[in-house]
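Bear in mind that the values in this text are calculations on the coordinates, not laboratory data. Computed from a prediction, not measured in an experiment: that's the story for all the values here. Cβ: placed from backbone, ideal geometry, glycine included. Neighbour counts: every protein chain shown.
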Amino acid sequence: MILTSHLSKMKRFKKQRWICARLLFYLSVLPYLAESLKVAVSSVEAQVGKDVLLPCHITDYGASELDLQKVGVDWLFITLNGTKEDLYSFNGQVPRPWRNWSRVSEEELQKGNASLLIPQVKIAEQGYYKCVVVVTPDRAEEMLYLTVSANPKVDLSPPELTVENGTEKFINCSVKQFYPSDIQVRWFEILGNREDEVTSGICTGTLADNVDGTFNVTSRLRLKPYLKDHEKKYACIVEHRNRSISKITTLHVKENKLPNGIIFTALGSLLVTLFLFGMASLIYVKYFRKVPPTVTIVTMPEKLIHLENAVFSCQITGFKPKNIRVEFCLETKDNRHKYISTWNSREINSQVKLRDVDCEEQARLCLREGDMSELDSYFRVEPPKIQSHSDKTFSVTCNIVAILDMYRHDDAKLSIKVHHSALPCSATEYVILSVAGVPPRLSKILIPHHVVHQEFCMLTCPISCFKPRPLSIRWFKKQPEGEEEELVAVVSMNEALTHDEVEKVHGYTPSISDAVQLEDKSYCVSAMLLFIPTALEHQNSLFIAEVFHEATKTKARMQTWLQVSAMPILEPIDSFPNTPKADESVTLSCRIHSFFPQKIEIFWCKDGTSMSEKPENAESLANQTGLYYCINKITFVPSRMDRGKTISCQIKHESSADPICVEWHMTTLMVSPRISEITSDSPILELGKTVTLTCQIEDYYPEDCIVQWNKERGVIKTENPTLNPKSGLHSSQTTMTFVPTMNDHGREIVVEVLHYATMFQPIQKNFQILLKGVPVVLDIVCEPEVAGYGKLSTLKCAVSGFHPENITVDWYRDNMKMTDGVTTTDVEKDSRGLFSLCSALTLVPTALDFNRTICFHVNHPRLQQPIIKQATLGLVAMYPTVFEIEKIPLCMEVNKLQTLRVQMADFAPGDIQVEWFKSQQPVNMEITTAEPRIGENGLCFAESVIKFIPKWKDQDAVITCRIIHLATNHVTEKSCRLTLQGVSTTVPEQNSETDELQLYLQTDSRSVQIHPIDKEMGGLQIQCLTTNPEAGEKVTLKCNFRDYDPNKTELKWYKGIYPLHNAKIEKKTCKDGFVSYVTFQTDGEDRECNIRCEITTDGGGQEMEVCYVLKLK
């Protein structure tokens, strides 16, 4: 009864046995919701050509839905050689599938599902995949393995095999398109329910590769059947990656034909004999033969758990007659025998005899079994029921329900003994009980939301669902790249639920909560560790809780990283200068210290609005305690309207949920005054009438201000400053009253205002005195503003405000009065009774007008001397265009007069210097250089001529003409080679080529140094002809192409992979080939250029390319 009550109670609470465990865990986790990001993945298998979903679920992100603007997802494929290939990326806005048609559902991503869909997966895509998830500012990543398979296609031929008795036949099993190559093909012979593996007569071919990466293989079975093998079946079984495919063929064996009479006679005799023997056997078996029972093995649960229900079952079948007795016994591991129960079938469906069994029967059993004890109350035998069968046999099933205690029943032997008259002795079946405990489950270690420097911190590790009770806990600490340090030697909870003494490291206090027992007899506790963390010792430390369960001999660990933070302390803001001024740069600095970790965000605000100026980047440094400090500065220019505003330095740090700030008030801002233009009380100033000039001085602080006028005679008044209560700024007004004279016309009145607090120099405002009737002459205006040579230009000057109308205006150039192109409008009278006119000078500038001054003179009766305005035409100096040296006559002869002429055109001004050289030495020849003349385009042109009588030694001499334009300092050189008729060339080939290079190079405006050709360099080679080439300047290169026809060869010059644009390229023919020259402008950022010359013949085939590395300064 006690056992029955206990079992019913266990069943009553079975459905709620996890409720308490889950509730305890949620209550312990609720105050410390995890904010560290995690991703969960699992390896998957896929078939070739099918779509596969790689699972990746985001957890612990602390929100119901993710903000995709803060989410980044990257999927990577790791190849066999370890390299990483991008598959898919999502940066918060735009998805980018690197693998065709791969995608992550953004709708699912909001719910934390970052799984990647790969359509039509390929064999080559088998391997490791990495899922990287960033939810700002956290990051997590995990790896999974994708297994790709191709199931084999099995074909067995023929499906039915007909063969004559004693002849050979083959059965073919073809396995196609499978992957990977590991496969096993086996043959079986099937006859009824019997299957025997065939090991002989089998020929399996080698693997054959398919184009798509799959494999094929063929296996053949050789058969020589006889009549006894008729209707046999043969199976080809293919095993591939835990998958088995079977194909079966049926064998039909033909027999040789015999005479029908013999067959029928033999068959009839056999049937009669079998019938008589069968009837006799049936009568004996059914009514007279005793059949012993068959006792099956005792079945039980796969795993026996401490203090949980377990059902043991044993079937006793096929016995006759009906009477049978069954005994149930238990033998413990210390060889103590315990009697459980007995059952007898004399009464159909009789109850099992337990504790109320007959005393004599129990005594008899005790004597027979030996050292037996009382009935074991942990076991209950369900009443068996006998079942009869059509063959006159009986069967019975025995079930034993037990609640096992690992301390009592582990390694015990549970026996079932069967007594029957057909058995010579009792039949016994038994099982050895192996009762196991339940190892503890460790949940994530709970830590405070913010672990603060030098404030108490408690780590809590929930341990749940373990039994039996004895448990040992150790705490460890591990620094990054360091060894584990044991903090607590032993924290144990014994069977009586009491805590043992602990050995601990100074500063760490461990503890264990009271154990809670659940309805399934398991326990839940929490292990705690209390200590005071510091940034220097505990930042990025790994704390490990190790639990050892004595009953299951299991050891489990749970770990967590500790991130220590310290709230920053802000000192008052300092300003430089101490007293800031409006519209002048001010630097504010704030020292921030005692914070951890190092990452900190600093913002500067003005009246709560973020400032547009960027603060200086200040590096955070660590002190001896491991805490960080920095000084942050911002420089800005306050305006006058900023007086009274508040500047704040705001700090965002992970140690504080809210920003931390310190404020600085601009109550001492110095504001310089705004000075208005000087105004007159009379719009028109007249000779001898009193005039009052006024200047407003507004919005300044402090009020000390000095005002000074530059006119000697006049009454000056300056008002006392007035304060604007809203802005806190001062304003005042100053006036000067005087009577203008004729000497005051055109004079400027200046007022100077000096504000000592904000200025070192006074501010000036000017007022020009223009008297009524006295002419006012404006500056000369040129149209167009930049004049061009040979193009029409107009100079204009306006005269106004004069009275009377008698006035004379003239234009002068180099003190010479100009009359051509001068037009003057008629005198016009305005509403004030004053007169005005406008005069213009139209001319076509030439090179002679470069830097010339044009003057405009005005004479009027009210003027004691004329008013003169001057202007200079904005003409630009231009260096000459120099043509090639002209030979007269073209064919030179020895001892005959020869003339060389160089023409120069389109230059201004005309100041040039011409020099002639022979072989880089000044010539001693007759030189005639004509004076420059003006051409139709307004520019100068000229020519220079030398005459000489050449000698035979002048053969191949180089004549150079150097033209220097003095205004622009531009130097141009032109050269030619003297070729005399009837004189053989005696100059070495090297000098000849060098002179030819000089002839080409001197066409450029800058001088270059010629390098002689190295005869031994051979083949093709690029040379730099510019001395010390510099970035941003022109460079000349050459390449000598020997044995190439210049008319049948096309060449291109490249810089890197791009053709050289805007480059001057020229080919010079020589006796054994040609030379190519290229001149181009280098970039200012170039330091090293890869130059390449590519040669192509008429046939279109590329024959050669030459490379050269050009190094620039």
Whole-Hz Karplus ³J(HN,Hα) for the range 222-237, in order, using 6.51 cos²θ - 1.76 cosθ + 1.60 and θ = phi - 60°, x for Gly and Pro?
9, 10, 9, x, 10, 4, 5, 8, 4, 6, 5, 10, 10, 10, 9, 10
Would you please name the trypsin sites (Lys or Arg not before Pro) within the range 501-556 that are DSSP coil residues with at most 11 other C-beta atoms within 10 Å of their C-beta?
K553
Virtual paramagnetic centre 7 Å along Cα→Cβ of N623, amide N under 14 Å, in the range 441-462:
454
What distance in nm lies between label points placed 7 Å from Cα along the C-beta direction at L117 and H506?
6.4
Let me know the Kirkwood hydrodynamic radius for the range 614-763, please, with Cα pairs as the basis and the value in Å to one decimal.
19.7
In whole angstrom, largest first, the equivalent ellipsoid semi-axes that the Cα gyration tensor gives for the range 556-697 are 53, 13, 10
So, with points 7 Å from each Cα along the Cβ direction, the E231-D86 label distance in nm works out to 7.0
Candidate aspartates and glutamates for bridging to K606, where Cα separation is under 13 Å - those fewer than 8 sequence places away on the same chain excluded
D642, E663
Students often get this wrong, so check it: of K153/K254; K303/K333; K918/K1064; K974/K1034, which have C-alpha atoms separated by over 23 Å?
K153/K254; K918/K1064
Which residues' amide hydrogens lie under 5 Å from the amide hydrogen of K772, considering only partners 5 or more residues apart or on another chain, with H built in the peptide plane?
L685, E686, L687
Can you tell me how much longer the chain between I949 and L68 gets when fully stretched, taken as 0.36 nm per residue apart minus their C-alpha distance, in nm with one decimal?
308.1 nm
Find the Cα radius of gyration of the chain, compare it with 2.2 N^0.38 Å by division, and give the number to two decimals.
1.80
Would you calculate, for the chain, the mean residue ellipticity at 222 nm contributed by helices, counting each DSSP H stretch of 4 or more residues as -39,500 (n - 2.57) and dividing by all residues, to the nearest 500?
-2500 deg cm²/dmol
If you average the C-alpha positions of the range 69-102 and of the range 1044-1090 separately, how far apart do those two centres end up, in angstrom?
45
What do you get for GluC sites (Glu not before Pro) in the range 934-988 restricted to DSSP loop and a cutoff of at most 13 other Cβ within 10 Å of the site's Cβ?
E936
For the pairs K689/K869; K130/K176; K444/K477; K176/K228, flag any whose C-alpha to C-alpha distance is greater than 26 Å.
K689/K869; K130/K176; K176/K228
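With a cut-off of at most 15 other beta carbons within 10 Å, and DSSP calling the residue loop, which trypsin sites (Lys or Arg not before Pro) in the range 70-149 qualify? Please list them.
Those that pass, being in a loop and sparsely packed, are K111, K122.
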Using C-alpha positions alone, give me the convex hull volume of the range 1025-1105 per residue in cubic angstrom.
98
Would you work out which of Q865, P137, G1056 lies farthest towards the positive end of the dipole of the chain, given +1 charges on the beta-carbon of Lys and Arg and -1 on that of Asp and Glu, about the Cα centre?
P137
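With an 8 Å Cα cut-off and a minimum separation of 6 or more residues, compute the relative contact order for the chain in percent.
The normalised contact order for the chain reaches 4 percent.
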Run the quick spin-label model on E1033 and S612: label points 7 Å from Cα toward the beta carbon, then report their separation in nm to one decimal.
4.4
Can you tell me the order of 924-932, 317-325 when each peptide is scored by its average per-residue count of other Cβ atoms within 10 angstrom, highest first?
317-325, 924-932
Among the lysines, select those whose C-alpha is under 17 Å from the C-alpha of K896, and discard any that sit fewer than 8 residues away in the same chain.
K887, K947, K951, K953
Give the aspartates and glutamates reachable from K553 as a straight Cα distance under 18 Å; neighbours fewer than 8 places away on the same chain don't count.
D405, D410, D411, E495
Provide the per-residue ³J(HN,Hα) series for the range 577-585, in order, calculated from phi with Karplus coefficients 6.51, -1.76, 1.60 and θ = phi - 60°, each as a whole number of Hz, with x at glycine and proline positions.
x, 4, 10, x, 10, 5, 6, 10, 5
